[in-house]
Each structure stands twice: as structure tokens, then as C-alpha cells.
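The structure appears right after this line, and notes come after that.
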Amino acid sequence: MAGNSQRRNRRTSNKKGAQVGSGGQRRRGLEGKGPTPPASERKGHKKNRVAGAQARQAAARRPAPRRGGAKGTSEMVVGRNPVYEALRDGVPAVTLYVQQYIDNDERVREALQLAGQRGNINLMEAPRPELDRMTNGLNHQGLVLQVPPYEYAHPEDLTSAAYDANEDPLIVALDGVTDPRNLGAIVRSVSAFGGHGVVVPERRAAGMTAGAWKSSAGTAARTPVSRVTNLTRALESYQKAGITVVGLAADGEHEVQDLAALGGPVVIVIGSEGKGLGRLVGETCDYRVRIPMPGGAESLNAGVAAGIVLYEAARRRA
């Protein structure tokens, strides 16, 4: 009897058809899944791919949080004419040191007057030995102006400023430009043609010194300069954000007036007058452009070259 019961149980368990409790599952299988989602939300659909690309582009253009940048070092401007010119040209200053019992000539009086008009510059009288010590024995002529450290911007601050203004970024990066006067002239050109800032490397490059401030003719107060440890990595970061990197080179494949990319988000890289772009920086550029020079000159001053390319970029954006 036990054997017959086991055979009946096996036959029952192998029986085809619905099992106990399966009715609810079958009912759910017959229920509708709701309205068909729009094409832009259906995975694999062309409109879905387009919507995804647009979302990624918008995210790339979204202003990044401002992080701040590095600071430069304090600087001393020495001598009566240099101090007067720095004060006249709006170079930031903390303290004007005046030698005790100095001959009160016209230049000294003008420097003191300009410092007084600023209202935020300390006037300190110091003996000559103290000024000699401060300037490491330079010929200070009784006047020493202390310039505060320059506060460099973060590279992302430059793009954020552009997006805040609903504009495509226009940035100039310098590779091997060591003359502060060239840096100041380039800052002035960036300001004149509606650019959003300048990027310089930390090593083997000019920084924002008093000389650069003077050459900028006051525009350094409103045009940020960013300092980076590695220029190539900074350029690659800009590329990942959807910005085209254009290098200026004498043997460039494109002429500057023919490159449509200058009308969009762009970083223009300027090399030194002698060596041009470094190898790694040149290889990182999306395009390399040249300035046609019918007169036969081999190269242009970095400040002049930057002005020409910036003018072409501004013309395309007008």
C-alpha cells in the first residue's frame, strides 16, 4: 500500500498545468504596464540618445564651484621713478616706506600724494640701513613700495565666469612666456577682446608681478589670471569640459582666419617667441594655427600674436 501511495504522489507532482497559488501571478502577467513612455525616455531609441547627449553637454557647461587659487609672493618696488609709476598705474600696494631725512624732491612728493589718495596704503618712515636690509642693498633712493601677493584664480573660475555671463569661454594659456611685460600686455588684450582670463604655469613662466600689473594698464584688476602646476593637464581638463584648445605655431596646419573653432568655447595657447610651444603642449592642442606674415618675419612678440588671435576670435563672436 505504501508503494502505491508513493507512485500516486509522484504522478500528481508531475502533472502539467497551474500549481496551487499561481492564479495571482497569471493575473498580474495579464495586467497592462501603463502608457507607453515618450521616445526620449525609451532606452535605445534615437531620441533617447539625443536627449542624453544634450544632458551631458548641459552638465559640461554648468558653472563649476569657485575653489580659489594659489597666492604669489610679496614683492618690493624700489626707486623713486619705479615707485611713482607703480602708484600711478594702479599697482596694488600695502605699505610705502620712506627714508628718514629724505630729500623731498618732486618725485617723492608725487609718490606720497598718490599713496595718500589711495587711502589704503600705510606710510612708514624708516632709516636708510633698514631700507638697505629690506631691499638687499638695491639702490632704493629712499622709496620702497611693498606689493601684496597676487591672488591667482582657479582654472575653473575662468569658465564659470563665462557661463555666468551666458558666454562661451575665451581663455589664453601661456607656455614658456617669461617676460612679465608680455604677460601684462596679454592680460590687457584679453580684457580688450572680451576674454575671460589667462592661465600660466608655475615654473619657467612669468607671474603677476608689479611689472605685469603696469603693462596691463589696470586691466589686471578685472581680468583673472590662474596659475597651474601642470599646463598640459589643465588643457586636458578644459578639453573634457568641451572646450577646444588651439595652439599658435609658426608651422600650424591652419591659418588663423580660417579656423571656425575660434568662434566657440576655446583656449588659445601662446608659446615663447623663441621656442614656441613645448612638445607635450603642442600635442595636446586640438588645432595648431599660424598667422600669415607676408612681410617675411619669422615670429611675433607673444603679446602681439595673442592680440591678433584674440581679435579674430572676437570678430567671429560678434
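Any read-out appearing in this document is the output of simple, stated calculations on the displayed coordinates, not a laboratory observation. Computed from a predicted structure; not experimentally measured. Counting neighbours? That spans all protein chains shown, and the Cβs are built from the backbone with ideal geometry, glycine included.
Let me make sure I get this right: for the stretch 209-306, a, b and c are the square roots of the gyration tensor eigenvalues over alpha carbons, sorted descending. Under 1.5 in a/c it's rounded, otherwise prolate if a/b > b/c, else oblate. Which is it? Here the stretch 209-306 falls in the oblate category.
Taking Cβ atoms as reference points and 11 Å as the exclusive limit, the residues near Gln141 contribute a net charge of +1, counting Lys and Arg as +1 and Asp and Glu as -1. Just to verify a number: FRET efficiency for Arg279 and Glu151, C-beta to C-beta distance, R0 = 45 Å, to 0.05? The calculated FRET efficiency here is 0.90. How would you classify the stretch 264-318 from its alpha-carbon gyration tensor, with a ≥ b ≥ c the square roots of the eigenvalues: rounded for a/c under 1.5, else prolate if a/b is greater than b/c, otherwise oblate? Since a/c reaches 1.5 but b/c is at least a/b, the shape of the stretch 264-318 is classed as oblate. Pairs of Cα atoms in the stretch 136-285 fall into 10 Å distance bins, from 0 up to the last occupied one, in shares of 11, 41, 34, 10, 4, 1 percent. The mean sequence distance of close C-alpha pairs (under 8 Å, at least 6 residues apart), as a share of the length of the stretch 169-318, puts its relative contact order at 30 percent. Three semi-axes describe the equivalent ellipsoid of the stretch 157-244; taken as square roots of 5 times the Cα gyration tensor eigenvalues and ordered largest first, they are 21, 17, 9 Å.
Packing, taken as the mean count of other beta carbons within 10 Å per residue, orders the peptides 250-261, 235-246 from highest to lowest as 235-246, 250-261.
With the highest mean first, a sort of the peptides 179-188, 104-113, 220-229 on other beta-carbon atoms found within 10 angstrom per residue produces 179-188, 220-229, 104-113.
Neighbours of Ile270 by Cβ distance under 13 Å: Lys/Arg scored +1, Asp/Glu scored -1, total 0. In this structure, Glu130 and Ala192 have a Cβ-Cβ separation that, at R0 = 45 Å, corresponds to a calculated FRET efficiency of about 0.60. So if I take the centroid of the Cα atoms in the stretch 150-223 and the same for the stretch 69-147, what is the distance between those two points in Å? Here the answer is 26 Å between Cα centres.
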